[in-house]
Amino acid sequence: MSEESDLEKTEPASARRLEKAREEGQVVRSRELATLIMLMSGVVGLWTLGGTLASKLDAVLHASLAFEPAIAFDTTRMMSRFGIAVWEGLLAFLPLLLFFGAAALAGPMLLGGWMFSAKSFAPDFSRLSPLKGLGRLFSSQSLVELAKAIAKALLVGSVAGWVLWRRLPEAIALMSAPIHEALLHMLEMVLSCSAMVAGSLVLVAALDVPWQYWTFYKKLRMTKEEVKQEHKDSEGDPHIKGRIRQQQRAMAKRRMMSEVPKADVVVTNPTHFAVALRYEEGRMSAPRVVAKGSDAIAARIREIAVENGVPLLSAPPLARALHRHVELGREIPAGLYTSVAEVLAWVYQLKHWHHSSGPHPAAPSDLLVPDELAVPESQA
């Protein structure tokens, strides 16, 4: 089942999966790279700070071994001298320790960056299972680690043997050299040999880093079903989202229809489009579209307008322009001011006619629509 599951995991890890893994403390790490950095930092640190460290320790050693009869028979002064020697020794090692500490932090962060996860400290009792322990012991990962350990031991041992063999005559010659010169030369030989041995681990780290990246992202691969499920969880179920959008459209439609009785006029196509306009002098800088629609919605707008005594005006070019270029709740563009002004003037005449006698006001015709706002009937 595990092998079938691995074969099904063909999709790369998503950004959400990688983020979740990081929260759980799973990041790319290479022990070989961290080991290489620590060893090289040790060589560099001793090479650069070794002289200063040696001189300070030499001074501490001379001061500690100097015999003073007054101190030899005074335990209080003896302990005080001992404390001073320990403190000065620690201060002498402090720069080197800080350098090693910085290298120890920088090594792991080169790949996975800085990370602190509280979940890493949570107890995981599944790791105590003997069966899982045996599974990990004989897993492909364990075999790879064993192969790396053997290869690393052979490589480091070969390089160390070769370096020692080449410098063996120099080491033998130190036996006849003055002690101070021999110590300095021996220290230089040790550091250079250590640098060669540590440098041999560059090959191991260069092979291990890509391997760690590959195994890390392979472990986080996802099946197609997991990708679909994650998409649903993050974006929401399409069916639910569709129902939400449907309800939102229905609510918007009801709000729009409630504005039709408040409109001053409804401009129609006459049957295909319907646009309701409203203008409040002093509160609006221009007439505003409060409702619009086509086909069945247009028919419903006309019905509500008739039921509430809102005038209907058949003006196809103007209706098409308003429906195409003006969003719901927005004011009409300046290019339609003249035509809409004629329509509102007719509406005001109708209101006056209802309260007085006289001939019925003639509906405006041949309303001009600028070319940039005109919508051909074929494109409506």
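The values are calculated or read from the model by the stated rules, or taken from the named source; none is laboratory data. Quick caveat, the model's predicted, so the values are computed rather than measured. Every residue, glycine as well, gets a Cβ built from its backbone with ideal geometry; the counts of neighbours run over all protein chains shown.
Out of V290, V267, V202, report the one residue that is among the β-branched types (V, I, T) and over 44 Å from the mean Cα position of the chain (by Cα). Before the answer, list the steps.
Working: V290 fails: over 44 Å from the mean Cα position of the chain (by Cα); V202 fails: over 44 Å from the mean Cα position of the chain (by Cα).
Answer to the selection: V267.
Tell me, which residue of the range 281-296 that is out of contact with any Phe, Trp or Tyr (no Cβ under 9 Å at 6 or more places or on another chain) and closer than 18 Å to A321 by Cβ is surrounded by the most Cβ atoms within 10 Å (Cβ to Cβ)?
A291
Among the residues of the range 214-231, are any among the polar types (S, T, N, Q), more than 28 Å from A374 (Cβ to Cβ) and at pLDDT 80 or above?
yes
Could you list, ordered by first residue, the pairs with Cβ atoms under 8 Å in which the first is in the range 223-242 and under 20 Å from A13 (Cα atoms) and among the β-branched types (V, I, T) and the second is modelled with pLDDT of 65 or more and not in a helix (DSSP H, G or I), at least 6 apart or interchain?
Qualifying pairs under 8 Å: T223/K9; T223/T10; T223/E11; V227/E11; V227/S14.
Any chance you could count how many residues in the range 253-287 are part of a helix (DSSP H, G or I) and in contact (Cβ under 8 Å) with a residue 24 or more places away in the chain?
So in the range 253-287, the residues part of a helix (DSSP H, G or I) come out as 253-262.
If we keep only those that are in contact (Cβ under 8 Å) with a residue 24 or more places away in the chain too, we end up with 253, 256-257, 259-262.
Final tally of qualifying residues: 7.
Quick one: which of L97, L46 is modelled with pLDDT under 80, out of contact with any Cys (no Cβ under 6 Å at 6 or more places or on another chain) and not aromatic (F, W, Y)?
Among L97, L46, only L46 is modelled with pLDDT under 80, out of contact with any Cys (no Cβ under 6 Å at 6 or more places or on another chain) and not aromatic (F, W, Y).
Scan the range 342-365 and report the pairs whose first residue is over 18 Å from V266 (Cα atoms) and whose second residue is in a helix (DSSP H, G or I) and of a type in the set (G, A, S), with Cβ atoms within less than 8 Å and a gap of 6+ or a chain change.
none
Might you let me know whether the range 55-77 holds any residue that is within 30 Å of V156 (Cβ to Cβ) and at pLDDT below 80?
Residues of the range 55-77 that are within 30 Å of V156 (Cβ to Cβ), as a first pass: 57.
Subset that is at pLDDT below 80: 57.
Within the range 55-77, one or more residues are within 30 Å of V156 (Cβ to Cβ) and at pLDDT below 80.
Just need a number here: residues in the range 8-27 that are acidic (D, E) and not in a helix (DSSP H, G or I).
Count: 2.
Here is a check on your reading of the model: is A263 touching a Leu at 6+ places or on another chain (Cβ under 8 Å) and at pLDDT below 85?
The answer is no for A263.
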